[in-house]
């Protein structure tokens, strides 16, 4: 039976809650290093320049791929979430842990001597919002409930 807490437009043709649009934005935010990696690979001549612009320290680039892994997994299994309910429920908590690590990482880089920049400050603010949203959105919690039919 459908939950009546959400509008009928929030459900797909199979009666499952649709994932909110902001969820996809959060996945892109978490997988930002992966997106940069794909963009650098697609533009072969400017790829190295692009990576050096955002990640002058190449160790930070490879570390930046780690918090994006849960977002990549969530993207890949989102279409089959009804077939993998336990894994899907665990992905929400992996996304929250990854978002928390992204929120802590930028201030840690500043503490280690990286200069404060507007982009870094904006990322901290957006990461904080994304963490709050992942923790507090009712519809998203309902989408990750393992008993959803």
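You will find that of 66, 50, the residue that is modelled with pLDDT of 90 or more, out of contact with any strand residue (DSSP E or B) (no Cβ under 8 Å at 6 or more places or on another chain) and more than 30 Å from residue 15 (Cα to Cα) is 66 and no other. At least 1 residues being within 17 Å of the chain's Cα centre (by Cα) and closer than 30 Å to residue 16 by Cα is the threshold, and among the helices (runs of 4 or more DSSP H) wholly inside the stretch 31-149 those reaching it are 32-42, 69-77, 85-111, 118-136, 138-143. The set of residues from the stretch 101-127 being within 21 Å of residue 70 (Cβ to Cβ) and touching a helix residue (DSSP H, G or I) at 6+ places or on another chain (Cβ under 6 Å) comprises 101, 102, 103, 106, 123, 124, 127. Of the residues in the stretch 60-78, not one is touching a helix residue (DSSP H, G or I) at 6+ places or on another chain (Cβ under 9 Å), farther than 20 Å from residue 31 by Cβ and surrounded by fewer than 15 Cβ atoms within 10 Å (Cβ to Cβ).
Looking at (1) under 17 Å from residue 25 (Cα atoms); (2) without any contact (Cβ under 8 Å) to a residue 40 or more places away in the chain; (3) surrounded by fewer than 17 Cβ atoms within 10 Å (Cβ to Cβ), which one does residue 90 not meet, given that it meets all the others? Failing condition for residue 90: (1). Look at the stretch 123-145: where a residue is in contact (Cβ under 8 Å) with a residue 60 or more places away in the chain and on the phi > 0 side of the Ramachandran plot, no partner that is surrounded by fewer than 15 Cβ atoms within 10 Å (Cβ to Cβ) and assigned to a helix (DSSP H, G or I) sits 6+ places away or on another chain with Cβ atoms under 7 Å. For residue 125, are the conditions met, namely being surrounded by 14 or more Cβ atoms within 10 Å (Cβ to Cβ) and modelled with pLDDT of 90 or more? Considered against the rule, which asks whether it is surrounded by 14 or more Cβ atoms within 10 Å (Cβ to Cβ) and modelled with pLDDT of 90 or more, residue 125 comes out as no.
The values are calculated or read from the model by the stated rules, or taken from the named source; none is laboratory data. Model, not experiment: these values are computed from the prediction. Counting neighbours? That spans all protein chains shown, and the Cβs are built from the backbone with ideal geometry, glycine included.
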